[in-house]
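Only one structure is covered here, and it is reproduced in the block below.
The values are calculated or read from the model by the stated rules, or taken from the named source; none is laboratory data. Computed from a predicted structure; not experimentally measured. In this analysis, Cβ positions are derived from the backbone assuming ideal geometry, glycine residues included, and neighbour counts consider all displayed protein chains. Surface accessibility is based on the protein's heavy atoms, side chains included, excluding ligands, DNA and RNA. Shrake-Rupley method; radii C 1.70, N 1.55, O 1.52, S 1.80 Å.
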Amino acid sequence: VSYSSGYKSGGFSFATWSESESRGGFKEEELDATEIGIKYKSPDNRLVMNAAYYEYDYKDQQQQIIVVTQSGSLAGKTFNAGQSEMTGFELETKLAITDNTQLDFNYYSTDTSFKSFVIPTAVPPLNFTGNQMNYSPEKAYNVAFTAISDDDSSIFRMAYSFKDDFFMDPSNRYLSMQEKYGVANVSYTKYFNDDLRMKIFCTNCTDEIYKTQVTTFAIPYGGGGRNYYANARRIGVEITKMF
């Protein structure tokens, strides 16, 4: 069982030429974190399992948002969400199937919300109270299989990761949402000696299309967004020589 408390310093957003709109800045972010968990290792050391439940209570959580200011200009400024909470559960496991093969499985579940988040200085005023915290899928998991040759000269690895729907903006507007997706990666690494190795790999093997970042614009300025996407399927060979 653990409890910790900390803060992130406040600051200023010099996003406009207006002195009045830059004055005041934003407050420090405070966090109280409570966690209870268990760590387990089987007698034969083949199974390792860690499980934890946690609660994060934020005060004045810092969020950067593009808004229309009182002068009518478009600006990206940092604001404080009065109260926000996150609760979650994590499970991490490692299973040695044989002396040379291992199976990893990790599962994450989160429940987040802004309990109080109002920006009265925006035009029009914004209210995100009750919204889901950005970048916080309700569930996510990853599973991986690793095999190592008897002489440790080669490693084969397959991995798959999944994330549930989540928003990339505290407004929870649909254009900032990333729908649930999964990504598969495969690699084979061959060590010829201590100085030379070759890796054959495939990343995003199923060619999944998903966003890594969304910049949303204020509704009075059209309310659109700019999307950034992850790399498509990539297949390649890497050769590394140490000198």
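List of remarks:
- Residues in the range 172-184 that are in contact (Cβ under 8 Å) with a residue 12 or more places away in the chain, open to solvent by 20 Å² or more (accessible area, probe 1.4 Å) and more than 24 Å from THR93 (Cβ to Cβ): ASN172, ARG173, LEU175, MET177, GLU179.
- Top-ranked residue in the range 59-71 [being out of contact with any Phe, Trp or Tyr (no Cβ under 7 Å at 6 or more places or on another chain) and open to solvent by 30 Å² or more (accessible area, probe 1.4 Å); ranked as nearest to THR110 (Cα to Cα)]: LYS59
- Qualifying residue in the range 127-138 (condition: touching a residue at least 24 places away in the same chain (Cβ under 8 Å), open to solvent by 20 Å² or more (accessible area, probe 1.4 Å) and assigned to a strand (DSSP E or B)): no
- A single entry from ILE119, ILE148 fulfils the requirement of being open to solvent by less than 50 Å² (accessible area, probe 1.4 Å) and more than 15 Å from the chain's Cα centre (by Cα): ILE119.
- Subset of the range 3-56 that is closer than 17 Å to SER84 by Cα and open to solvent by 100 Å² or more (accessible area, probe 1.4 Å) - its residue that is farthest from the chain's Cα centre (by Cα): LYS27
- Index of the failed condition, ASP99 passing every other in (1) more than 30 Å from ASP44 (Cβ to Cβ); (2) free of Cβ contacts under 8 Å to residues at least 24 places away in the same chain: (1)
- In the range 203-230, the residues that are under 18 Å from MET177 (Cα atoms) and surrounded by fewer than 13 Cβ atoms within 10 Å (Cβ to Cβ): ILE209, THR212, GLY222, GLY223, GLY224, ARG226, TYR228, TYR229
- Only listed residue being out of contact with any Leu (no Cβ under 8 Å at 6 or more places or on another chain), open to solvent by less than 30 Å² (accessible area, probe 1.4 Å), modelled with pLDDT of 95 or more and among the charged types (D, E, K, R), chosen from ASP164, ASP169: ASP164
- Selection from the range 231-243 of residues that are over 20 Å from ALA159 (Cβ atoms) and open to solvent by 70 Å² or more (accessible area, probe 1.4 Å): ILE239, LYS241, MET242, PHE243
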